[in-house]
Amino acid sequence: MKKIIYLITIIAFGFSSCLDLDLNPNDRPSSGTFWKTPEDFNLALTAGYGAMRRDMFSFSTPCWDNLTDNSYGQHAEGQYGLTTNMVQGNIDPSSGGFVSEVYLGALSDVARINIFLNKLRDFTGLDDVTKKQYEAEARMLRAYFYSYLYRGYGEAPVVSEPLTLETQYQEKKPAEKVYKFIMDDIDFAIANLSDKTYKEAGGRWTKNAAKAYKARMILYTAYDDAGNPIANKMTEAKTALGEITGYSLSPDFSDNFSDLKQEGSPEIMMSIKFLAPNTASSADMWYADWLVVSPLINFIEEFEMRDGTPGTPLPKKTGSKFTIDTDVFTNASLANRDPRLAKTVFIEKYVINGTEYTAGNAKPTGAGLAKFLSPNLTPPYGYSTLSQQDWVILRYADVLLMLAEAENELNGPTASVYNSINQIRARAGMPILPTGLSKDDMRKKIRHERRVELAFEGQRYFDLKRWKTAKTVLNAVNDAPIVYKFEDKNYLWPIPQSEIDKNQGALIQNPNYK
């Protein structure tokens, strides 16, 4: 009998890396006893969703902003992405953190989805409608994992079937083919997923969420190398976004991030679910006490004053370019600015249910991240703290922002653009935009709104890359404890050297990293 070895497989199903499927552990499902019932497939698909709980996709999401002008990551450790090294330009094939973990983690998760799809294809115990639904959800999950490979490395192996000994060495495909593979999966998902809202679907991918993610990926490719918009891409994104229905802005911005309010938010379109004690994270400890993310002064200054005028400069400690003078500027000072600021950051002390607590770690900039802190957990936090906030992948505010961006690039600041942006500003308690803005002025307003509205939701880094402004913006950062350095080659990352070495010449390193 031919033995098949799945190189990276589904730990949740009882399989492990390079496990010979002829050897069946007694305490876990085997290939011979699993994949026999509809419930087996439901469990397997649920495990596919569980893969999204990887740190880098879920509660490490705010750490992606440590790669930008929004914040600084004081802890140079792999679990936080090693962003401290990356922003200084220290990126090479041996780099850990995000550079290696995105590649290894995403392909591992793709492998488990491919096994699921392979088994589903021949299973006759599901009706056709359910089978299509399961396939659509699985392919949407695969597209999600591949979206990180595409945006990180450009070129990558395109793997649609479980690997065997004969197929284990995979060459990478051109970025255009990786993108097409993603979009084919998303289009299949859109055609076959449920029309239900996210809440009605129980936290699974839905048709509208797939449309929004499609638009996100289209917009990632919608600017040329000089940062000029590509009209047909903008039209394609606008079409996908215009078909989305069933969602609205939550009355309160914070409802999208508080674990007490998320289930009732009409805005959340897709998120990564947590529920303590079985699925919990260290988020509150990381961001409140350990200050894994330290918002930069320029980010805080980006928030307008309450009357809509530009934010005024913050006072700095004597002799420092990057630390707020917290004797002068305090949590109370945040009330003078865009209300989203006080719901996003804290100054010196974090506030839970009206009580201030002192963070236990060093405070490089004097500021910390408040946006995701749980109101139902009592400080001080420790290793036993079980955080259970869901991590939002898509919400309706982003749909409005993407729609405004595409429409403005196509037709200038039309009424539709104003309506999209003003909905978000009005929800925040900010004045609507002035009439008569030019196309360029509106572009600046849209990018400002994306920065403050979606801060620490994992979008800023990819926005800077797709707009082709990363080099200009990041090299201008002068209020961090380190010197930022972004080179043209950093628009793509190197493939981990360990993978190059394993693949016996089939896998070629990305340009400028050889």
For segment 331-426: rounded, prolate or oblate by the Cα gyration tensor [a/c cutoff 1.5]: prolate
Heavy atoms only, probe 1.4 angstrom, no DNA, RNA or ligands counted: give me Asp307, Asp187 ranked by accessible area, highest first. Asp307, Asp187
Report, in listed order, any pair from Lys173/Lys371; Lys36/Lys233; Lys172/Lys444; Lys238/Lys489 with a Cα-Cα distance greater than 32 Å. Lys173/Lys371; Lys36/Lys233; Lys172/Lys444
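Shape of segment 448-491 from its Cα gyration tensor (a ≥ b ≥ c, root eigenvalues): rounded if a/c is under 1.5, otherwise prolate when a/b > b/c, or oblate?
Since a/c reaches 1.5 but b/c is at least a/b, the shape of segment 448-491 is classed as oblate.
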If r is the Cβ-Cβ distance from Val483 to Ala231 and R0 is 45 Å, what FRET efficiency results, to the nearest 0.05? 0.75
Just order 152-162, 360-370 by mean Cβ neighbour count inside 10 Å, highest at the front, would you? 360-370, 152-162
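So what's the net charge close to Met234: Lys and Arg +1, Asp and Glu -1, counting the other residues with Cβ under 9 Å from its Cβ?
With Lys, Arg at +1 and Asp, Glu at -1, the neighbours total -2.
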So the carbon and sulfur contribution to the accessible area of segment 198-341, 1.4 Å probe, in percent, is 52 percent
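For the chain, what relative contact order do you get, as a whole percent, if you take Cα pairs closer than 8 Å and at least 6 residues apart?
19 percent
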Ranked packing of 225-233, 211-219, 417-425, most packed first, by mean Cβ within 10 Å: 211-219, 417-425, 225-233
Quick one: with all protein chains in place, what share of the accessible area of segment 123-163 is carbon or sulfur, to the nearest percent (1.4 Å probe)? 47 percent
Full-extension gain between Asp92 and Thr309, please, as 0.36 nm times their residue separation minus the C-alpha to C-alpha distance. 73.9 nm
For segment 369-433, what is the accessible area per residue in Å² when the probe is 1.4 Å? 32 Å²
Rolling a 1.4 angstrom probe over the protein heavy atoms, how many square angstrom per residue are accessible across segment 26-117? 31 Å²
Determine, for each peptide in 462-469, 337-344, the mean count of other beta carbons within 10 angstrom over its residues, then list the peptides with the highest first. 337-344, 462-469
Between segment 61-115 and segment 369-423, what is the C-alpha centre distance in whole Å? 22 Å
Could I have the simple spin-label model distance between Asp501 and Ala76, label points 7 Å from Cα toward Cβ, reported in nm to one decimal? 2.2 nm
Net charge near Pro277: determine it from the other residues with C-beta under 15 Å of the C-beta of Pro277, scoring Lys and Arg +1 and Asp and Glu -1. 0
Can you tell me the FRET efficiency between Lys468 and Ile508 if r is taken as the Cβ-Cβ distance and R0 is 22 Å, rounded to the nearest 0.05? 0.30
Using a cut-off of 10 Å between beta-carbons, work out the net charge of the residues near Arg54 (Lys and Arg +1, Asp and Glu -1, Arg54 not included). -2
Accessible-area order (highest first, 1.4 angstrom probe) of the listed residues Tyr169, Tyr396: Tyr169, Tyr396
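The values are calculated or read from the model by the stated rules, or taken from the named source; none is laboratory data. From a predicted model like this one, the values you see are computed outputs, not experimental measurements. All Cβ positions, even for glycine, are placed from backbone atoms using ideal geometry, and neighbour counts span all protein chains on display. Note: areas computed on protein heavy atoms with side chains; ligands, DNA, RNA excluded. Shrake-Rupley method; radii C 1.70, N 1.55, O 1.52, S 1.80 Å.
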